[in-house]
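A short worksheet on the structure shown next.
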């Protein structure tokens, strides 16, 4: 995994994404700082973009102290489940392993802040954040349910079963099966 080398990396990002453009469902972009202006520019190139502000509240505020904790925890779960593999970028691995979490007084999972991460000679985890954003599912509630359950009608086996006449309305035929 390489980082961007230009001050304005739009050209590099487009060149990287373009071969996958027809398969991209969404590009998650951190909308704090540089990303705020980057999102509309990628959208102008017809990429489906999703702005993510990791400073927002979590979708599950009883468990996570903020969206950042929720998304990093989900990334952790994906790695533990073996759903992410082949990461060979030593810097990204190093950054991921350096991210610390703690439990708040209310028992919520909280990720170490960037201010706490800043130590002499330690860079911020830009590649770790890129991975976290890449695997962040920010699809709103009902759209996520529909996307994850694409079945929109009877299955092949249900269609193969004989269908009772809709004209017969006995008490038995109206019961759930």
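The values are calculated or read from the model by the stated rules, or taken from the named source; none is laboratory data. These figures come from a predicted structure and were not determined experimentally. All Cβ positions, even for glycine, are placed from backbone atoms using ideal geometry, and neighbour counts span all protein chains on display.
Observations on the structure shown:
- For region 31-69, the tally of residues that are out of contact with any strand residue (DSSP E or B) (no Cβ under 9 Å at 6 or more places or on another chain) and crowded, with 17+ Cβ neighbours inside 10 Å stands at 0.
- Taking each residue of region 58-70 that is free of Cβ contacts under 8 Å to residues at least 12 places away in the same chain and looking for partners that are part of a helix (DSSP H, G or I) and surrounded by 13 or more Cβ atoms within 10 Å (Cβ to Cβ) with beta-carbon atoms closer than 7 Å, six or more apart or interchain, yields 59/70; 60/70.
- Residue within region 111-120 that is modelled with pLDDT of 90 or more and either surrounded by 15 or more Cβ atoms within 10 Å (Cβ to Cβ) or not assigned by TED's automatic domain parsing to the domain that holds residue 14 (or both) present: yes
- Residue 44 modelled with pLDDT of 90 or more, assigned by TED's automatic domain parsing to the domain that holds residue 19 and more than 17 Å from residue 129 (Cα to Cα): yes
- Qualifying residue in region 95-110 (condition: touching a residue at least 60 places away in the same chain (Cβ under 8 Å) and either farther than 14 Å from residue 132 by Cα or surrounded by 13 or more Cβ atoms within 10 Å (Cβ to Cβ) (or both)): no
- Selection status of residue 72, surrounded by 14 or more Cβ atoms within 10 Å (Cβ to Cβ), closer than 28 Å to residue 9 by Cα, in contact with a helix residue (DSSP H, G or I) (Cβ under 9 Å, 6 or more places away or on another chain) and not assigned by TED's automatic domain parsing to the domain that holds residue 130: no
- Considering region 123-137, and only residues there that are assigned to a loop (DSSP other than H, G, I, E, B) and buried (at least 20 other Cβ atoms within 10 Å of the Cβ), the residue that is modelled with the highest pLDDT turns out to be 136.
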